[in-house]
Ligand code: GLU
């Protein structure tokens with residue numbers, strides 16, 4: 001029997017310069033797919049016009065090439081359907097399918113109302129939608145629509161969704177308890193990340209998703225949406241979080257760790273070697289090209305626990 005062709009992806013958001021965490025996700029996505037003879041897609045997740053800029057997309061491509069990470073399809077120089085900002089029609093089509101199943105409803109809540117009505121925030125900053133607009137009558141909807149444009153929410157089932165992460169193991173979540181009905185299209189018309197990522201992974205034939213564990217709790221929402229849209233579920237691999245020496249989560253604000261600054265302090269081979277050692281793929285850092293890590297690559301070696309980025313990486 002033919003083994004299914006592995007298709008992995010880089011899915012960066014061009015909202016700033018690539019940083020160490022993005023480089024780590026891209027390296028592992030590349031190793032995981034290439035070690036199985038698979039293909040890689042570059043998809044730009046540029047849905048938010050206020051945060052995403054074309055120059056960042058071009059910079060992302062350059063940074064990936066500088067790191068020695070190649071891809072087979074996608075990127076700004078390729079067909080526009082690999083840039084989410086061009087793909088609204090695909091997302092609308094999916095919304096139409098969901099609408100046909102009676103799964104969507106308009107939500108008129110303002111940010112202030114959401115905060116007032118929602119259950120207490122979870123420790124990760126997310127909150128549970130109280131369902132305020134779930135059962136409005138047609139009449140109520142018409143009245144509210146005169147005042148403001150609604151967002152669209154999807155009804156979530158009250159059931160546990162579980163999967164086995166290829167790196168972190170079993171994970172389970174009941175969406176009705178974790179986040180409640182969530183937004184699939186914002187009130188300004190912008191499609192939500194959860195919807196776009198599912199539609200795109202589906203239409204691009206992605207078979208494996210490698211990303212940071214800050215997105216682990218989004219995965220049950222995505223699996224649920226795949227089921228509602230009749231799409232296959234890829235294999236998921238979530239990476240440990242990278243922490244600053246003081247235990248904080250690294251973010252785009254740690255400008256010291258963007259590729260512009262890192263590139264002034266070290267060669268791409270040094271950077272890949274240090275990253276590989278940090279994540280468990282090398283015993284100690286030494287300059288390497290990504291391809292040199294392929295023969296020994298195995299998910300078993302990849303760290304399962306959050307890792308502290310040592311002082312070596314900082315200026
Ligand atoms: N675009 C997301 C990010 O840059 C990644 C989304 C994903 O891998 O599903 O954080």
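If we keep just the residues of region 205-214 that are under 13 Å from residue 22 (Cα atoms) and surrounded by 18 or more Cβ atoms within 10 Å (Cβ to Cβ), which is farthest from the ligand (Cβ to nearest atom)?
213
Go through region 34-45 and report how many residues are surrounded by fewer than 24 Cβ atoms within 10 Å (Cβ to Cβ) and either within 12 Å of the ligand (Cβ to nearest atom) or not in a loop (DSSP other than H, G, I, E, B) (or both).
Here the count works out to 5.
What residue, among those in region 161-196 that are closer than 24 Å to residue 149 by Cα and out of contact with any strand residue (DSSP E or B) (no Cβ under 7 Å at 6 or more places or on another chain), is surrounded by the most Cβ atoms within 10 Å (Cβ to Cβ)?
Ranking the qualifying residues of region 161-196, first place goes to 196.
Mind counting the residues in region 186-196 that are touching a residue at least 40 places away in the same chain (Cβ under 8 Å) and either within 11 Å of the ligand (Cβ to nearest atom) or within 22 Å of residue 39 (Cα to Cα) (or both)?
Count: 2.
Identify, please: which residue in region 64-81 is at pLDDT 95 or above and assigned to a helix (DSSP H, G or I) and is, among those, surrounded by the most Cβ atoms within 10 Å (Cβ to Cβ)?
Only one residue fits best here, namely 64.
What pairs can you find where one residue is in region 212-239 and on the phi < 0 side of the Ramachandran plot, the other is within 13 Å of the ligand (Cβ to nearest atom) and in a loop (DSSP other than H, G, I, E, B), and their Cβ atoms are less than 8 Å apart, with a gap of 6+ or different chains?
Close Cβ pairs satisfying both conditions: 212/241; 213/241; 214/241; 234/206.
Going by what's in this entry, would residue 153 be described as part of a strand (DSSP E or B) and either over 21 Å from residue 25 (Cβ atoms) or free of Cβ contacts under 8 Å to residues at least 40 places away in the same chain (or both)?
yes
Please verify whether region 289-306 includes one or more residues that are at pLDDT 95 or above, touching a helix residue (DSSP H, G or I) at 6+ places or on another chain (Cβ under 7 Å), crowded, with 16+ Cβ neighbours inside 10 Å and not in a helix (DSSP H, G or I).
yes
Per-residue answers, yes or no, for (1) surrounded by 16 or more Cβ atoms within 10 Å (Cβ to Cβ); (2) within 11 Å of the ligand (Cβ to nearest atom); (3) not in a helix (DSSP H, G or I):
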position: 17; (1), (2), (3): yes, no, yes
position: 25; (1), (2), (3): yes, yes, no
position: 30; (1), (2), (3): yes, no, no
position: 57; (1), (2), (3): yes, no, no
position: 62; (1), (2), (3): no, no, no
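Report, by residue number, each residue of region 1-15 that is closer than 25 Å to residue 256 by Cβ and either away from the ligand (no atom under 13 Å from the Cβ) or in a loop (DSSP other than H, G, I, E, B) (or both).
11, 12, 13, 14, 15
Would you mind telling me which numbered condition in (1) at pLDDT 95 or above; (2) touching a helix residue (DSSP H, G or I) at 6+ places or on another chain (Cβ under 8 Å) residue 186 fails?
Of the numbered conditions (1) at pLDDT 95 or above; (2) touching a helix residue (DSSP H, G or I) at 6+ places or on another chain (Cβ under 8 Å), the odd one out for residue 186 is (2).
Residue check, residue 267 against (1) in contact with a strand residue (DSSP E or B) (Cβ under 8 Å, 6 or more places away or on another chain); (2) surrounded by fewer than 16 Cβ atoms within 10 Å (Cβ to Cβ), all met but one. Which one?
Residue 267 satisfies all of (1) in contact with a strand residue (DSSP E or B) (Cβ under 8 Å, 6 or more places away or on another chain); (2) surrounded by fewer than 16 Cβ atoms within 10 Å (Cβ to Cβ) except (1).
Rundown of residues vs (1) within 13 Å of the ligand (Cβ to nearest atom); (2) in a helix (DSSP H, G or I); (3) exposed (fewer than 15 other Cβ atoms within 10 Å of the Cβ), yes/no style:
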| site | (1), (2), (3) |
| --- | --- |
| 198 | yes, yes, no |
| 201 | yes, yes, no |
| 222 | yes, yes, no |
| 227 | no, yes, yes |
| 232 | no, no, yes |
| 253 | no, no, yes |
| 260 | no, yes, yes |
| 272 | no, yes, no |
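The values are calculated or read from the model by the stated rules, or taken from the named source; none is laboratory data. These figures come from a predicted structure and were not determined experimentally. All Cβ positions, even for glycine, are placed from backbone atoms using ideal geometry, and neighbour counts span all protein chains on display.
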